[in-house]
């Protein structure tokens, strides 16, 4: 009987083992199916995400293209204006220098003219001063 019990026990253990292995296969197939579903979901989400990314990139490109063109046009205009400002600046410097020379010449001429006008008066003044000094010295003596 000990043999029968031992062999029954072995038989029971073998059946139990087979049942556990069978259950494991059933459960693992379910897990594998669920993992496959999750993987398919991830793939679907990745595809949708990539499509949305492409759509957004296209929309951004479409909206930024006119801005880029405007910047390029404005850049050209700024360069042209910069050239004009430099030219006007140089013209103004030249004109200011010419005006400065004219003013200096006019001032020199005015001084020369003033000197020629004042010279006879200066002579007369010196003569009058000399006469006043003579009169004063006579009065004192």
Requested in this report: Report yes if residue 52 is modelled with pLDDT of 95 or more, surrounded by 10 or more Cβ atoms within 10 Å (Cβ to Cβ) and either under 54 Å from the mean Cα position of the chain (by Cα) or in a helix (DSSP H, G or I) (or both), otherwise no.
Outcome: yes
Requested in this report: Determine if region 4-14 includes at least one residue that is within 24 Å of the chain's Cα centre (by Cα) and loosely packed, with under 10 Cβ neighbours inside 10 Å.
Outcome: no
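The values are calculated or read from the model by the stated rules, or taken from the named source; none is laboratory data. Quantities reported herein were computed from a predicted structural model and do not represent experimental measurements. Here Cβ is always computed from backbone atoms with ideal geometry, including for glycine, and neighbour counts include all displayed protein chains.
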